[in-house]
Amino acid sequence: MDITLIFSKNKPFFMMVAICMGAFVSHFTAGVVNVSLPHLSKVFHTNLGTVQWITVGYLLAIATRSSNSLSFILIV
């Protein structure tokens, strides 16, 4: 059986798997950044409110990258 035939039949399934894995990794890494905030506040000798901007910047970068990737997927 040809491998391209398998992928072409199950294209929606593999696309959904890729989207779900991307969402999981995005949420997982955001959680890791949030867990590291107390340590980062000690390292930089600042309060937690200031260090939370790291999370905001990180999530904005992920959202921007994800929206660019999603628009590419929708165009193709």
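Scan (1) at pLDDT 85 or above; (2) surrounded by 10 or more Cβ atoms within 10 Å (Cβ to Cβ) for the single condition N10 breaks and write down its number.
Unmet for N10, out of (1) at pLDDT 85 or above; (2) surrounded by 10 or more Cβ atoms within 10 Å (Cβ to Cβ): (1).
State yes or no: is I19 under 13 Å from the mean Cα position of the chain (by Cα), among the β-branched types (V, I, T), surrounded by 11 or more Cβ atoms within 10 Å (Cβ to Cβ) and not in a loop (DSSP other than H, G, I, E, B)?
Yes; evaluated as a whole, the condition is true for this residue.
Any residue at all in the stretch 40-50 that's outside any helix (DSSP H, G or I), at pLDDT 80 or above, surrounded by 11 or more Cβ atoms within 10 Å (Cβ to Cβ) and of a type in the set (V, I, T)?
The answer is yes, given that some residue of the stretch 40-50 is outside any helix (DSSP H, G or I), at pLDDT 80 or above, surrounded by 11 or more Cβ atoms within 10 Å (Cβ to Cβ) and of a type in the set (V, I, T).
The values are calculated or read from the model by the stated rules, or taken from the named source; none is laboratory data. Keep in mind it's a predicted model, so treat the numbers as computed, not measured. Neighbour counts run over all protein chains shown; Cβ positions are idealised from the backbone, glycine included.
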